[in-house]
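The values are calculated or read from the model by the stated rules, or taken from the named source; none is laboratory data. Since we're looking at a predicted model, the values are computed, not measured. In this analysis, Cβ positions are derived from the backbone assuming ideal geometry, glycine residues included, and neighbour counts consider all displayed protein chains. Just the protein is used for accessible areas: all its heavy atoms, side chains included, with ligands, DNA and RNA removed. Shrake-Rupley method; radii C 1.70, N 1.55, O 1.52, S 1.80 Å.
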Amino acid sequence: MDDILQTLRLEVTLDCREGSQLSQVWTYVEQGQRSLNKQNGIDADVSVDDSLKGYLWPYIVRMRDMQFVSGDTTIYDNTGITGDGDSNHGDSEAQRFLALDYAAVEQQYPEL
C-alpha cells in the first residue's frame, strides 16, 4: 500500500497547482497498482472499486501536504502539519471532512 500511496503523491504533485480531481486520483491508484503488479510479476486485472476507495480514503486524506479544494474553497488542508494529519485545525468543516468516509465525501462534495 505504501508504494501505491507514494505513486499517488508523486502524480498529484506533478499535477502542480491545478491539483487532481478525485476521479484522477483513482486513476493514479490503478496505475500504481499496475506498476506494482508488473514489478512483482503478477498478471492480474486491476480495478479500483468502491470497496478499495473506502479502504484507501482514510490513508489518502491523511497524507502529508494534501489539500482538498472545491472551487475556490479549501475544504481540508494539512499542508505543513507534522505527524499523521490529524491535527486539530479548529475548523469545523475541516474536521467534518476528515471524519467522512469516502462514500459520504462523494455525496457531499461531488465537484471534487
Select from the stretch 37-61 the residues that are part of a loop (DSSP other than H, G, I, E, B) and either within 14 Å of residue 2 (Cα to Cα) or of a type in the set (Asp, Glu) (or both) and write down the one among them that is modelled with the lowest pLDDT.
45
Answer with yes or no whether residue 75 is in contact with a Ser or Thr (Cβ under 6 Å, 6 or more places away or on another chain) and at pLDDT below 90.
no
Considering only the stretch 7-20, state which residues are in a helix (DSSP H, G or I) and touching a residue at least 24 places away in the same chain (Cβ under 8 Å).
7, 8, 9, 12
Check on residue 71, under 20 Å from residue 97 (Cβ atoms), open to solvent by 30 Å² or more (accessible area, probe 1.4 Å), small (Gly, Ala, Ser) and more than 14 Å from the chain's Cα centre (by Cα)
yes
Looking at 9, 34, 17, 64, can you tell me which residue is at pLDDT 80 or above and more than 15 Å from the chain's Cα centre (by Cα)?
34
Filter the stretch 90-112 down to the residues that are outside any helix (DSSP H, G or I) and surrounded by 15 or more Cβ atoms within 10 Å (Cβ to Cβ), then identify the one that is modelled with the highest pLDDT.
100
